[in-house]
1. How about the stretch 240-253: which of its residues are open to solvent by 10 Å² or more (accessible area, probe 1.4 Å), of a type in the set (A, V, I, L, M) and under 19 Å from Leu187 (Cα atoms)?
2. Just the residues that are crowded, with 23+ Cβ neighbours inside 10 Å and either at pLDDT below 95 or in a loop (DSSP other than H, G, I, E, B) (or both), please, taken from the stretch 182-212.
3. Step by step: first the residues of the stretch 144-158, then only those that are under 46 Å from the mean Cα position of the chain (by Cα) and in contact (Cβ under 8 Å) with a residue 40 or more places away in the chain, then the one that is most open to solvent (accessible area, probe 1.4 Å). Which residue is that?
4. Please find, within the stretch 213-239, the residue that is surrounded by the fewest Cβ atoms within 10 Å (Cβ to Cβ) out of those that are touching a Lys or Arg at 6+ places or on another chain (Cβ under 9 Å) and at pLDDT below 95.
5. If you check Arg114 against the conditions, is it charged (D, E, K, R), at pLDDT 90 or above and either farther than 24 Å from Met193 by Cβ or touching a helix residue (DSSP H, G or I) at 6+ places or on another chain (Cβ under 7 Å) (or both)?
6. Does the stretch 119-143 hold any residues that are over 35 Å from the mean Cα position of the chain (by Cα) and of a type in the set (S, T, N, Q), and which are they?
7. For a quick check of your reading of the model, give me the residue pairs whose first member lies in the stretch 119-134 and is closer than 13 Å to Leu187 by Cβ, whose second is in a strand (DSSP E or B), with beta-carbon atoms closer than 6 Å and at least 6 apart or on different chains.
8. Cβ-Cβ under 6 Å, sequence separation 6+ or interchain: first residue in the stretch 210-221 and within 19 Å of Phe106 (Cα to Cα), partner outside any loop (DSSP other than H, G, I, E, B). Which pairs?
Amino acid sequence: MRYYIFLSLASAALLLDVFLFALTILYPQEPRHSAVQIALAAAQPTLQPTGRPTAPSIPATSTPLPTMAPTATATPVPPTATPVPPTATATPEPPPRLIAEHSASFTPSDKAMRTNIQLALNHYQSALMHAFVAPGGTFSFNAALGAVPQRLPWKYVTLKSTATPSPDGTLSAEEVRRIQGGGLCDLASRYVMAARPLLPARAFRFVNHLRSNGVRLRGVPDRDAVAIWAVGGQPGEQDLRITNVTDGWLEFVVERDGERITVLARLWDRLPPA
């Protein structure tokens, strides 16, 4: 029984193969793909359209692209050294030059005269002891005594007038006078005697003692004898005024050596240091 079934199946299979072979000959088909091509086709994914254009991919490179544009950086410039001009060496100014100098000294014999002279030299911050007179300036003896010199405690000094000849040729008798502040005329006359060789005659303005009082001053030339009457600028005042008519500086210095008094007059080309 089984044998007949096997034969039947074998016969059916043989007939089927013959039929398929005949169909192959009658209707040839497209060449078949190899198994490798089928596998590659199956491995390649199929892209589905999305309806929007896809941005092209950027190929990877070995150099990374910067994320920001480089910013220009200011290059520091080293400061330029400014050349310092060489300092010119200042030529030291020469010291003031003493053009001329002269002095006049005396020793008052009367005690009241010495007291008055001492009072005058010490008063008003000792203005008579040291004074500078600029070119064109004027020295005033009474101004150096202060604003109200008549209020100072001057001593009285007894003076004797010089005997003068009368019209008939006889000598007049000596006249005795008591003058308050005696001695100031002797002191003022020494300023004239000291400055006389340094200045012309037009630089001196004063009332002559001999002509006004008829009294000579001891040790003073007649032309240099000064009459002083200090009353603070009031009418009748008699002053000694010395004007510096030179281009230099006139200096007066009074020195005391015991009872001896010396007045120095100096003429400088420039103002000397104090």
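1. Matches in the stretch 240-253: Val253 only.
2. Within the stretch 182-212, Gly182, Gly183 qualify.
3. Out of the qualifying residues, it is Ala147.
4. Taking the candidates together, the pick is Gly232.
5. On the way: charged (D, E, K, R): yes; at pLDDT 90 or above: yes; either farther than 24 Å from Met193 by Cβ or touching a helix residue (DSSP H, G or I) at 6+ places or on another chain (Cβ under 7 Å) (or both): no.
No, not satisfied.
6. Asn122, Ser140, Asn142
7. Met129/Val254
8. Listed pairs, sorted by first residue: Leu210/Asp222; Val215/Leu159; Arg216/Leu210; Leu217/Asp186; Leu217/Ser189; Leu217/His209; Gly219/Phe106; Val220/Ser189.
The values are calculated or read from the model by the stated rules, or taken from the named source; none is laboratory data. Owing to the predicted nature of the structure, the values given are computational and were not obtained by experimental measurement. When we count neighbours, we look across all protein chains shown, and the Cβ atoms used for this are built from the backbone with ideal geometry, even at glycine. Heads up: the accessible areas ignore ligands, DNA and RNA and are worked out on the full protein's heavy atoms, side chains in. Shrake-Rupley method; radii C 1.70, N 1.55, O 1.52, S 1.80 Å.
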